[in-house]
Amino acid sequence: MNDDEIARHLEQALKSGELRQAESFGKPLDEDAGYLATPDGLRMPFKILKNAGFVPPEVELMHEAAELREALRCDPPADKARELRAQLTALELRIAMRLERLAKG
């Protein structure tokens, strides 16, 4: 589907009132924690999959990384913080490798 077709579909949905029925109509989109970490070419496909109820493994890994970052923000004891940082580093490397592999095709 090209941009012109998408624009036509959106215009039809707006005219018919279908678009206005959407819960998020007229509201800013929620910022997705992994959006900026996702390569440009994969953002739309991942968004489509998410809207269809399917979450790619890479997105699940990004959510895990966000949880680890949040745990680190809670000022854990030094030994726990070291463990969390090691887990986060390993997870970020794993995510980067998976995204690079996806970007290459």
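For residues in region 28-51 being assigned to a loop (DSSP other than H, G, I, E, B) and either small (Gly, Ala, Ser) or at pLDDT 85 or above (or both), which is nearest to the chain's Cα centre (by Cα)? Step through it out loud before you land on a result.
Taking region 28-51 first, the residues assigned to a loop (DSSP other than H, G, I, E, B) are 28-39.
Restricting the remaining residues to those that are either small (Gly, Ala, Ser) or at pLDDT 85 or above (or both) gives 33-34, 37.
Working: ALA33: 6, GLY34: 4, ALA37: 8 Å.
Looking at the filtered set, the residue picked out is GLY34.
Give all pairs with beta carbons closer than 9 Å in which a residue from region 1-21 that is at negative phi meets a residue that is acidic (Asp, Glu); count only pairs at least 6 apart in sequence or on separate chains.
GLN12/GLU18
For a quick check of your reading of the model, give me the residue pairs whose first member lies in region 72-101 and is over 21 Å from TYR35 (Cα atoms) and outside the structural domain of ARG43 (by TED's automatic domain parsing), whose second is at pLDDT 95 or above and assigned to a helix (DSSP H, G or I), with beta-carbon atoms closer than 7 Å and at least 6 apart or on different chains.
From residues that are over 21 Å from TYR35 (Cα atoms) and outside the structural domain of ARG43 (by TED's automatic domain parsing), there are no pairs.
Let me spell it out: the conditions are (1) touching a Leu at 6+ places or on another chain (Cβ under 7 Å); (2) surrounded by 12 or more Cβ atoms within 10 Å (Cβ to Cβ), and ALA66 meets all of them except one. Which number is the exception?
(1)
The values are calculated or read from the model by the stated rules, or taken from the named source; none is laboratory data. Keep in mind it's a predicted model, so treat the numbers as computed, not measured. Counting neighbours? That spans all protein chains shown, and the Cβs are built from the backbone with ideal geometry, glycine included.
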